[in-house]
Amino acid sequence: MKELLETVVENCRDSWRQGHVATYIPELAKARADATGIAVWDLSSGLSGAGDTDFTFTMQSVSKVVSLALALSECGEEKVFSAVGMDPLADPFNSIMRLEMDAPHRPHNPLINSGAIVVLSLLPWKESRDRMAAVSDMAARMTGRKAVAVNEAVYLSEKGTSDRNRALAWFLKSVGNLEGDIEDILDAYFRQCSLEVTCGDLAVLGATLAADGTNPVTGERVVSPRVARVVRTIMATCGMYDGSGEFAVTVGIPAKSGVGGGIAAAVPGRMGIGTCGPALDRKGNSVAGLAMLRRLSEELKLRIY
């Protein structure tokens with residue numbers, strides 16, 4: 001596996017030149033654009049990696065998988081999916097227009113910004129620090145880490161520049177689809193997005209979902225098989241922003257991307273995959289990550305469709 005991953009990285013390393021790092025969060029603009037790494041946790045043989053596997057980055061929207069798994073476990077499917085939908089969206093992940101146009105003004109799915117904000121508001125902890133402690137604990141359990149820390153510089157940068165997310169939250173509040181203190185919920189959201197990981201961490205997270213909720217590193221049953229299957233399904237249909245359909249055709253596995261450059265993927269019963277590459281395409285997905293996942297899917301015949 002390691003030899004294959006080294007070949008994949010070598011063949012895909014220059015693809016970063018086709019993208020650009022995120023600049024709308026100033027701290028993300030400082031990322032090393034050419035960083036390229038991949039890790040695989042094979043459920044039968046363990047961890048392998050190649051490239052910049054020690055490169056750290058913030059989870060950003062990959063963290064929405066964590067909060068969704070937590071909300072489903074704590075609140076149940078009925079409550080979660082009465083507040084957010086299950087459908088993919090052809091608009092950008094931070095779109096206000098579609099939310100405003102489509103009654104009953106419910107976020108289309110839990111993996112876009114508006115949906116993730118609503119999901120956080122559903123959690124039974126009412127203060128930001130308690131919500132965040134629960135999300136951070138779930139992230140640690142899913143990645144097999146003792147703790148997953150917030151990158152404070154990214155958190156502060158995101159908090160200071162997220163007018164669009166505030167607009168989404170206040171619109172949801174105005175139509176009765178968001179309860180609680182807006183700034184408190186958003187503070188937890190900004191902290192959640194700023195959790196710092198490596199591609200190896202994302203590989204274990206993906207493997208936990210691939211193993212129906214059991215972490216292959218710790219052996220802990222983190223979420224139920226049902227929750228793991230629901231999360232994988234939402235990842236498959238909605239996980240790559242408005243590029244989810246194309247990704248399903250070209251790669252064919254459940255995955256979730258983030259503008260920090262990470263992608264976490266889960267191949268049911270086989271493996272979890274984590275990639276990093278801060279240079280993004282116009283839809284917000286890692287250019288290098290997409291290239292590596294396409295290549296690996298072809299080589300190992302990973303498609304689930």
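Here, each number is a calculation from the coordinates, and none is a lab measurement. Computed from a prediction, not measured in an experiment: that's the story for all the values here. No Cβ is skipped: glycine too gets one built from the backbone with ideal geometry, and neighbour counts run over all protein chains shown.
Pairwise Cα distances in the range 124-215 exceed 20 Å in 45 percent of cases. Considering the options H105, L122, V175, tell which one lies farthest towards the positive end of the dipole of the range 63-193, charges being +1 on Lys and Arg and -1 on Asp and Glu at the Cβ, about the Cα centre. Going by the charge dipole, the pick is L122. Under a no-solvent Debye model with one identical scatterer per Cα of the range 63-193, what's log10 I(q)/I(0) at q = 0.19 Å⁻¹? Per q value, in the given order, log10 I(q)/I(0) is -1.07.
A straight Cα-to-Cα reach below 23 Å connects K159 with the lysines K30, K64, K126, K173, K256, K283, residues fewer than 8 places away in its own chain not being considered. In sequence order, the range 31-47 has phi-based couplings of 5, 6, 4, 8, 4, 9, x, 8, 9, 10, 9, 7, 5, 9, 9, x, 8 Hz under the Karplus curve 6.51 cos²θ - 1.76 cosθ + 1.60, θ = phi - 60°, and Gly or Pro positions carry x.
For the chain, the longest principal axis of the alpha carbon atoms and the long axis of helix 63-75 meet at an angle near 60°. A Cα-only calculation for the range 179-305 places Rg and Dmax at 14.7, 48 Å. With both labels modelled 7 Å from their Cα along Cα-to-Cβ, the E78 to E10 distance reads 5.7 nm. Axis of helix 199-210 versus longest Cα principal axis of the chain: the two differ by about 80°, to the nearest ten degrees.
Of the GluC sites (Glu not before Pro) found in the range 112-190, the ones in coil according to DSSP and having at most 16 other Cβ atoms within 10 Å of their Cβ are E127, E179. For the chain, a crude dipole built from +1 on the beta carbon of Lys and Arg and -1 on the beta carbon of Asp and Glu, taken about the Cα centre, is about 340 debye to the nearest 20. Derived scalar couplings between HN and Hα for the range 184-193 equal 5, 5, 5, 4, 5, 5, 5, 5, 4, 5 Hz in order, rounded to whole Hz, by the Karplus curve 6.51 cos²θ - 1.76 cosθ + 1.60 (θ = phi - 60°), x for Gly and Pro. With contacts taken as Cα pairs under 8 Å at a separation of at least 6 residues, the chain carries a relative contact order of 28 percent.
Dipole magnitude for the range 112-230: computed about the Cα centre from +1 point charges on Lys and Arg Cβ and -1 point charges on Asp and Glu Cβ, it is near 320 debye. The percentage of C-alpha pairs in the chain whose separation is greater than 36 Å is 8%. Here the residues M240, M235, ranked from fewest to most Cβ neighbours within 10 Å of their Cβ, fall in the order M235, M240.
Relative to the longest principal axis of the chain, what angle (0 to 90°, nearest 10) does the C-alpha long axis of helix 287-300 take? Relative to the chain, helix 287-300 is tipped by roughly 60 degrees.
Mind grabbing the base-10 log of I(q)/I(0) for the range 1-153 at q = 0.19, 0.21 Å⁻¹? Debye formula, identical points on the C-alpha positions, no solvent, two decimal places. One equal scatterer on each Cα of the range 1-153 leads to -1.27, -1.31.
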